[in-house]
């Protein structure tokens, strides 16, 4: 593969969506993976941009053909990352970003271990609580449930290649830029060039 | 260790010295390791800046105490990297750069495998030849000898973590900045923070 696959995950409230959005605005040459789903399109959602909208039959058939890098059922609908869309972009030399929940990230890891797994982390537990409460959209018990879930996600942080601490969006995006640029210099990505150019 | 050790090596003519110098000008907070030597100081050379100047007896005593990360004899003089100077800086949280020949880099790797090894590489064999000839200071047979030596160094490139292609100094310095910033996000460097902050 010529491009790199970056899988960006982390607990709810860590800010992974904000970071990916800000990164994509600066780097439109990167491909942000679009998920497939069986849920109905909402007002304004566009096929191939918001999601690939599939019937349940289509979705199940793709699962049977191992065509998802990861998939899950949420509120009765299927969601998943189509493998061929990702590999097409990688083969064309584009870097691909996948922003997904940590269960999905671990599924991708088993299918695609050469991916680069980045765990987005809030700067402190207090700050995570503030962000979850600050959303205002969730009850105290929902916030508490998200904090319990976050704890189980922190316990999996060691399965990632990088930890991206989101103390400020600008700083976090700069760190993500550094990780993506550094990975292009990673030895195994360049050893073929050395063999061909200097050792043939 | 709180800082990271970056060992920068590569064949003669790849431009490792130029890259390190340009990086240090932008990042004076980084510590560029100073070698020890038994050769006599030249005009203008300063103790602890150009080199640590040692007697042969002092140097041999430090070798016996395993106080060098690497050392070698060149033209009858000892040269080496004092371990304690490097570890002091790392403990203080500073990143350390070591710019050395590839034999030395491989010695450091055996003493300090947690170092990050970066192989500086010219963009092409033709360009390497041009750079070696362009120096004007070397005879045709010296250039030929350096090219033979370079070949044996390229064959060891796979022992490095990163390959830094030096097509332009500015671009190469930016890549080095990315590698150094990305390594701060490397999971094992951050997992203790996660344990303490989120899982205690």
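Of the candidates A:132, A:147, the single residue that is at negative phi and in contact (Cβ under 8 Å) with a residue 60 or more places away in the chain is A:132. Restricted to strands (runs of 3 or more DSSP E) entirely inside segment A:52-143, those with at least 3 residues that are closer than 13 Å to residue A:6 by Cα and touching a helix residue (DSSP H, G or I) at 6+ places or on another chain (Cβ under 9 Å) are A:96-99, A:116-121. The residue that is surrounded by the fewest Cβ atoms within 10 Å (Cβ to Cβ), counting only those in segment B:150-160 that are more than 8 Å from chain A (Cβ to nearest Cβ) and part of a helix (DSSP H, G or I), is B:152.
Residue-wise test of (1) away from every other protein chain (no Cβ under 14 Å); (2) at pLDDT below 95; (3) in contact with a strand residue (DSSP E or B) (Cβ under 6 Å, 6 or more places away or on another chain); (4) under 18 Å from residue B:180 (Cβ atoms).
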residue	(1), (2), (3), (4)
B:52	yes, no, yes, no
B:56	yes, no, no, no
B:111	yes, yes, yes, no
B:133	yes, yes, no, no
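Per the listing B:48, B:17, the residue uniquely surrounded by fewer than 19 Cβ atoms within 10 Å (Cβ to Cβ), in contact with a strand residue (DSSP E or B) (Cβ under 8 Å, 6 or more places away or on another chain) and at pLDDT below 95 is B:17.
Does any residue of segment B:168-186 turn out to be touching a strand residue (DSSP E or B) at 6+ places or on another chain (Cβ under 9 Å), in a helix (DSSP H, G or I), within 8 Å of another protein chain (Cβ to nearest Cβ) and closer than 30 Å to residue A:148 by Cα? Yes, some residue in segment B:168-186 is touching a strand residue (DSSP E or B) at 6+ places or on another chain (Cβ under 9 Å), in a helix (DSSP H, G or I), within 8 Å of another protein chain (Cβ to nearest Cβ) and closer than 30 Å to residue A:148 by Cα.
Those residues that are free of Cβ contacts under 8 Å to residues at least 40 places away in the same chain, closer than 15 Å to residue B:179 by Cβ and either more than 7 Å from chain B (Cβ to nearest Cβ) or touching a helix residue (DSSP H, G or I) at 6+ places or on another chain (Cβ under 6 Å) (or both), I need them from segment A:187-200; list them, please. Quick ask: steps written out before the conclusion?
Going residue by residue through segment A:187-200, those that are free of Cβ contacts under 8 Å to residues at least 40 places away in the same chain are A:187-188, A:190-200.
Of the ones still in play, those that are also closer than 15 Å to residue B:179 by Cβ are A:187-188, A:190.
Residue satisfying the conditions is A:188 alone.
Quick test of your reading of the structure: residue B:7 fulfils all but one of (1) loosely packed, with under 13 Cβ neighbours inside 10 Å; (2) not in a loop (DSSP other than H, G, I, E, B). Name the failing condition by number. Among (1) loosely packed, with under 13 Cβ neighbours inside 10 Å; (2) not in a loop (DSSP other than H, G, I, E, B), the lone unmet condition for residue B:7 is (1).
In the list A:179, A:194, A:163, A:118, which residue meets the criterion of being farther than 24 Å from residue A:69 by Cβ, surrounded by 13 or more Cβ atoms within 10 Å (Cβ to Cβ) and at pLDDT 95 or above? Even if it seems obvious, please write down each step before you answer.
Details: A:179 fails: farther than 24 Å from residue A:69 by Cβ; A:163 fails: farther than 24 Å from residue A:69 by Cβ; A:118 fails: farther than 24 Å from residue A:69 by Cβ.
Exactly one of A:179, A:194, A:163, A:118 is farther than 24 Å from residue A:69 by Cβ, surrounded by 13 or more Cβ atoms within 10 Å (Cβ to Cβ) and at pLDDT 95 or above, namely A:194.
The values are calculated or read from the model by the stated rules, or taken from the named source; none is laboratory data. Predicted model only: the values in this text are computed from it and were never measured. Note that we place each Cβ from the backbone using ideal geometry, even for glycine, and neighbour counts take in every protein chain shown.
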